[in-house]
Amino acid sequence: MMKQLFQKQIKNLVVLGGGSAGLIVAITLKKKLPHLAVRVVRSPEIGIIGVGEGTTVEFGEHFFQYLGFNPKQFYAEAQPIWKLGIRFLWGQRQSFNYTFSRDYDQHFPELKRNPGFYYSTESPAMGICSACMDAEKVFPRMPNGAPDLSMPHGYHVENIKLVSWLEKTAIAVGVDVTEGRMTEAERDGMEIKSLLLESGERVEADLFVDASGFRSELLSRVLEEPFVSFDESLFCDRAVIGGWPRRENEPIKTYTTAETMNAGWCWQIDHEKWINRGYVYSSKFISDEDAQAELLEKNPAISNQPRIVKFRSGHTERSWIGNVVGVGNANGFVEPLEATALHIICVQSRRLAQTLLESDYQPTPTMVQVFNELNDRSWDDIRDFLAIHYKYNTLLDTPFWRHCREHTDVGGAGRIVEFFEENGPTSMTMGYYTDESSQFGINGYLAMLVGQNVAHQKPYEISEQEKKLWSRHQQTLKGHAAKAYTAEQALEIVRSPRWKWGA
């Protein structure tokens, strides 16, 4: 008879770490499993990185659909700015938009081919989200005059404000949030028996969640789980971060900018009163001092002292070992090019909640094995997708970018690129080549391959009639975008006492 992993039902759980990862998993578990005792132990020494963060649509879907929270408190306390996608200053086309809409996975009956065949630098808007990005707008006007918040969007949010909202939300749903620095962990084989805190308290639990960030206190330091590096696909390992207060003449951009730099790339994340810039680079191709100098030269408005953050891309071999589950940076990290950090935390939190529910709080070894394999797939999915960003960016001819083009291992994305190179931007059977669990899917890959102008063997000569139809479609999108709300106008509307969330 197969041995049961947990000899009794899990009744109490301790989360080590009170940053965004620890609080999101605690909120998720307490909200979905209200009878589970959930405690967060956070160390004031670990602190908050404090950068501007971008999210995918997953964040809103997780909190406002899966968990059922009203967005009102989130908007009031976290003060997010909407994000329609990413503006890439990248590749042969110099720039293109990547949105959260299914722009490349749609069908126009009057056109013979997939929309990707009609994309050009002169006609770049594939959908209303892209058109709004080009017009520096956010949401179209609905017939009743309200902004159409149903458009797929993520958020820009300051990490400090996000963590503050998460902490209040955690306490409100019944999570016990306490201060405490772990000095030692008592273990029995590959299980943690208790955490010893500096105060002398001994903390026991049936299940421990390691959300201690890059320190990975339980998963890596105590249990010594090996690390799987992505250094053959992703070469960046540091970021220098700065920013400046928004000036009166600076409109709020409703997208993240990803700008090609000499030895990596630079993000711009817009908040209501602050603009955050960060240069992600490879320390093998540029020094910290030169990276900072390049950032400041291209962004003279930076008013604070830039700071360096070191990281490595990859993940622990397993995310769940014995009675320890790693979430967020404690389990893995992939550089922020597609803003997947909060996305994967939400996915891991939901996956853990479902595992506990479906196992009746008593997970079996095979349940844990599937959990680990699904998490591995999520990390590999991100690695593969980011790899094609580097492999096919031909904008600059610097040592770093030459190295990326020559040596980037695109992993599982290789078969997708091969299909594209043979067949062009068709979505007809590309679904076979993209995992259904992929957060990027057909639309994401086509957006990046078409946007970077990757060559294929199926050029299509567009008829004059189709040119007219596509031009008419472009003008319609531009017309809607011209009438759409700016971020400033939309913020004023949703902050009005007359605005009803969910109405």
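Just one of the numbered conditions (1) farther than 30 Å from Arg39 by Cβ; (2) touching a residue at least 60 places away in the same chain (Cβ under 8 Å); (3) open to solvent by less than 50 Å² (accessible area, probe 1.4 Å) is not true of Ser229: (3). For the stretch 242-269, taking the residues that are surrounded by 24 or more Cβ atoms within 10 Å (Cβ to Cβ) and of a type in the set (Val, Ile, Thr), the one that is nearest to Glu289 (Cα to Cα) is identified as Ile269.
Exactly one residue among Arg87, Arg93, Arg113 is touching a residue at least 40 places away in the same chain (Cβ under 8 Å), charged (D, E, K, R), open to solvent by 10 Å² or more (accessible area, probe 1.4 Å) and farther than 30 Å from Trp274 by Cα, and that residue is Arg113. Assessment of the stretch 467-485 against the conditions (modelled with pLDDT of 95 or more, under 30 Å from Asn70 (Cβ atoms) and out of contact with any helix residue (DSSP H, G or I) (no Cβ under 9 Å at 6 or more places or on another chain)) yields at least one matching residue.
Matching residues to (1) free of Cβ contacts under 8 Å to residues at least 60 places away in the same chain; (2) out of contact with any Leu (no Cβ under 9 Å at 6 or more places or on another chain); (3) not β-branched (Val, Ile, Thr):
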residue: Phe214; (1), (2), (3): no, yes, yes
residue: Ala239; (1), (2), (3): no, yes, yes
residue: Lys253; (1), (2), (3): no, yes, yes
residue: Thr260; (1), (2), (3): no, no, no
residue: Gly264; (1), (2), (3): no, yes, yes
residue: Ile269; (1), (2), (3): no, yes, no
residue: Gly278; (1), (2), (3): no, no, yes
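For (1) open to solvent by 20 Å² or more (accessible area, probe 1.4 Å); (2) part of a loop (DSSP other than H, G, I, E, B); (3) farther than 22 Å from Arg215 by Cβ, each residue gets a yes or a no:
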{"site": "Gly145", "(1), (2), (3)": "yes, yes, yes"}
{"site": "Met151", "(1), (2), (3)": "no, yes, yes"}
{"site": "Tyr155", "(1), (2), (3)": "no, no, yes"}
{"site": "Leu162", "(1), (2), (3)": "no, no, no"}
{"site": "Trp165", "(1), (2), (3)": "no, no, yes"}
{"site": "Lys168", "(1), (2), (3)": "yes, no, yes"}
{"site": "Gly174", "(1), (2), (3)": "yes, yes, yes"}
{"site": "Thr178", "(1), (2), (3)": "yes, no, no"}
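Looking only at the stretch 306-320, which residues are open to solvent by less than 20 Å² (accessible area, probe 1.4 Å) and more than 11 Å from Ser220 (Cα to Cα)? Pro306, Ser313, Gly314, Trp320, listed by residue number. One residue alone among Gln268, Gln369, Gln292 is within 30 Å of Asn12 (Cβ to Cβ) and modelled with pLDDT of 95 or more, and that residue is Gln369. Criterion applied to His389, His343, His403 was being open to solvent by less than 20 Å² (accessible area, probe 1.4 Å) and assigned to a helix (DSSP H, G or I), and the one residue passing it is His389.
Out of all the residues in the stretch 199-209, is one or more open to solvent by 70 Å² or more (accessible area, probe 1.4 Å), among the small types (Gly, Ala, Ser) and free of Cβ contacts under 8 Å to residues at least 40 places away in the same chain? Yes, there is a match, as at least one residue in the stretch 199-209 is open to solvent by 70 Å² or more (accessible area, probe 1.4 Å), among the small types (Gly, Ala, Ser) and free of Cβ contacts under 8 Å to residues at least 40 places away in the same chain. Taken over the stretch 372-386, the criterion of being open to solvent by 10 Å² or more (accessible area, probe 1.4 Å) and under 23 Å from Gly116 (Cβ atoms) is satisfied by Asp381, Asp384. In the stretch 37-50, is there at least one residue being assigned to a strand (DSSP E or B), open to solvent by 40 Å² or more (accessible area, probe 1.4 Å), of a type in the set (A, V, I, L, M) and over 30 Å from Thr476 (Cβ atoms)? Yes, some residue in the stretch 37-50 is assigned to a strand (DSSP E or B), open to solvent by 40 Å² or more (accessible area, probe 1.4 Å), of a type in the set (A, V, I, L, M) and over 30 Å from Thr476 (Cβ atoms).
Close contacts from the stretch 470-491, counting a first residue that is touching a residue at least 60 places away in the same chain (Cβ under 8 Å) and more than 18 Å from Pro147 (Cα to Cα) and a second that is assigned to a helix (DSSP H, G or I) and of a type outside the set (Val, Ile, Thr), with Cβ to Cβ under 8 Å and a gap of 6+ residues or different chains, come to Trp470/Tyr118. Looking at Gly85, Gly68, Gly22, Gly47, just one residue is modelled with pLDDT under 95 and not β-branched (Val, Ile, Thr), and that residue is Gly47. Tell me yes or no: at least one residue of the stretch 185-204 is in a strand (DSSP E or B) and under 29 Å from the mean Cα position of the chain (by Cα). No: zero hits. Would you confirm, using the coordinates I've provided, whether Ala131 is of a type in the set (A, V, I, L, M), within 23 Å of the chain's Cα centre (by Cα) and open to solvent by less than 20 Å² (accessible area, probe 1.4 Å)? Considered against the rule, which asks whether it is of a type in the set (A, V, I, L, M), within 23 Å of the chain's Cα centre (by Cα) and open to solvent by less than 20 Å² (accessible area, probe 1.4 Å), Ala131 comes out as yes.
The values are calculated or read from the model by the stated rules, or taken from the named source; none is laboratory data. Just so it is clear, the structure is predicted and the values come from calculations on it, not from any experiment. Cβ sites come from the backbone with ideal geometry, for glycine too, and all protein chains shown count toward neighbours. To get the accessible areas, we keep the full protein, side chains included, count just its heavy atoms, and leave off ligands, DNA and RNA. Shrake-Rupley method; radii C 1.70, N 1.55, O 1.52, S 1.80 Å.
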